[in-house]
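Take a look at the structure below.
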Amino acid sequence: MTNIWILEAEKYVKHILGNESTGHDFYHCDRVRKLAIKIAEGEGIQNTTIIQLAALLHDIPDEKVSGTEEAGWKRLEDWFSSQNIDHETTEKIKEIISQISFKGGQNAPPTSIEAKIVQDADRLEAIGAIGIARAFAYGGKKQQPIYDPAIEVRESMTLDEYRNGKSSSIHHFYEKLLKLYSLFNTETGKKMALQRHQFMENFLEQFYKEWDATI
């Protein structure tokens with residue numbers, strides 16, 4: 001039954017997020033699932049069913065793709081009901097999903113090892129080459145500039161300021177992406193994150209040289 005749930009979750013996420021253009025598409029969710037499996041193996045976790053389901057479904061309640069959190073959670077609840085997934089499993093998945101978002105640094109740290117693993121996997125997707133691509137895709141969707149040196153980097157933000165305040169795609173590196181390396185929960189996740197973090201630093205160094213037309 002659990003394998004059927006995973007296959008059905010794949011189909012559902014493809015259907016809902018198949019045309020998503022902010023970097024929160026099915027392929028993102030599938031990569032989070034694959035990364036979560038690797039982290040779980042590194043942390044000695046063998047049963048990954050709930051981890052895989054949470055990873056695949058984690059962006060369904062996100063207001064960035066569902067309009068509002070309420071609509072997103074309703075959509076997810078309806079899917080759970082259609083699959084006859086037991087209450088204990090659905091509650092564990094919902095708990096994981098509710099704990100993994102960055103939310104401008106306002107979200108509390110995850111409490112379970114499963115949530116820590118899925119959060120680390122999702123954060124790996126936010127950094128490195130893929131993270132850079134997703135940052136510019138999301139910035140373009142929000143009609144933000146690539147970079148505006150007149151804008152100040154925001155050191156602390158409310159959730160509303162994080163979602164709606166004036167920023168740029170390059171500023172997003174300083175407001176979120178470069179902060180993530182120190183926030184990984186698992187040793188496995190942090191080891192996987194190092195190369196991606198360094199890649200972002202190298203990218204920014206090259207970006208500023210090209211921005212200033214020095215090379």
Test of understanding: among SER156, SER182, which residue is of a type in the set (Ser, Thr, Tyr), open to solvent by 40 Å² or more (accessible area, probe 1.4 Å) and part of a helix (DSSP H, G or I)? SER182
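For GLU10, are the conditions met, namely being farther than 30 Å from GLN144 by Cα and of a type in the set (D, E, K, R)?
So GLU10 passes the test.
Go through the stretch 165-179 and give me each residue that's surrounded by fewer than 17 Cβ atoms within 10 Å (Cβ to Cβ), without any contact (Cβ under 8 Å) to a residue 60 or more places away in the chain and closer than 26 Å to ALA121 by Cβ. Outline the logic, then answer.
The first filter runs over the stretch 165-179 and keeps only residues surrounded by fewer than 17 Cβ atoms within 10 Å (Cβ to Cβ), leaving 165-166, 174, 178-179.
Narrowing further to those that are without any contact (Cβ under 8 Å) to a residue 60 or more places away in the chain: 165-166, 174, 178.
Correct list: TYR174, LEU178.
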Looking at the structure I just gave you, is TYR162 farther than 28 Å from GLY67 by Cα, of a type in the set (Phe, Trp, Tyr), surrounded by 14 or more Cβ atoms within 10 Å (Cβ to Cβ) and within 19 Å of the chain's Cα centre (by Cα)? no
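Can you find a residue in the stretch 105-115 that is of a type in the set (D, E, K, R) and modelled with pLDDT of 95 or more? Walk me through it before giving the result.
Of all residues in the stretch 105-115, those of a type in the set (D, E, K, R) come to 114.
Within this subset, residues satisfying the condition of being modelled with pLDDT of 95 or more are 114.
Looking through the stretch 105-115, at least one residue is of a type in the set (D, E, K, R) and modelled with pLDDT of 95 or more.
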Can we say GLN198 is within 30 Å of GLU41 (Cβ to Cβ), open to solvent by 50 Å² or more (accessible area, probe 1.4 Å) and more than 14 Å from the chain's Cα centre (by Cα)? yes
Within the stretch 28-39, identify whether any single residue is farther than 24 Å from LEU159 by Cα and in contact with a Cys (Cβ under 6 Å, 6 or more places away or on another chain), and answer yes or no. no
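What number of residues within the stretch 1-51 satisfy the criterion of being of a type outside the set (A, V, I, L, M, F, W, C), over 30 Å from GLY140 (Cα atoms) and in a helix (DSSP H, G or I)?
Just the residues of the stretch 1-51 that are of a type outside the set (A, V, I, L, M, F, W, C), to begin with: 2-3, 8, 10-12, 14-15, 18-25, 27-28, 30-31, 33-34, 38, 41-44, 46-49.
Now drop any that are not over 30 Å from GLY140 (Cα atoms), which leaves 2-3, 8, 38, 41-44, 46-49.
Checking which are in a helix (DSSP H, G or I) leaves us with 2-3, 8, 38, 41-42, 49.
Counting residues in the stretch 1-51 that are of a type outside the set (A, V, I, L, M, F, W, C), over 30 Å from GLY140 (Cα atoms) and in a helix (DSSP H, G or I) gives 7.
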Which ranges mark the helices (runs of 4 or more DSSP H) fully within the stretch 66-151 that have 3 or more residues being loosely packed, with under 15 Cβ neighbours inside 10 Å? 69-83, 87-100, 128-141
Within the stretch 124-162, which residues are in contact with a Phe, Trp or Tyr (Cβ under 7 Å, 6 or more places away or on another chain) and over 14 Å from PHE173 (Cβ atoms)? none
Could you identify the single residue in LEU53, LEU76 that is touching a Pro at 6+ places or on another chain (Cβ under 8 Å), closer than 16 Å to GLU10 by Cβ and of a type in the set (A, V, I, L, M, F, W, C)? LEU76
Residues that are within 24 Å of ASN84 (Cβ to Cβ), of a type in the set (S, T, N, Q), surrounded by fewer than 17 Cβ atoms within 10 Å (Cβ to Cβ) and touching a residue at least 40 places away in the same chain (Cβ under 8 Å): does the stretch 6-21 have at least one? no
Failed condition for LEU159, given (1) of a type in the set (A, V, I, L, M, F, W, C); (2) closer than 30 Å to ILE45 by Cβ; (3) touching a Gly at 6+ places or on another chain (Cβ under 6 Å), with all others met? (2)
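The values are calculated or read from the model by the stated rules, or taken from the named source; none is laboratory data. Keep in mind it's a predicted model, so treat the numbers as computed, not measured. Backbone-built Cβ (ideal geometry, glycine too); neighbour counts: all protein chains shown. Surface accessibility is based on the protein's heavy atoms, side chains included, excluding ligands, DNA and RNA. Shrake-Rupley method; radii C 1.70, N 1.55, O 1.52, S 1.80 Å.
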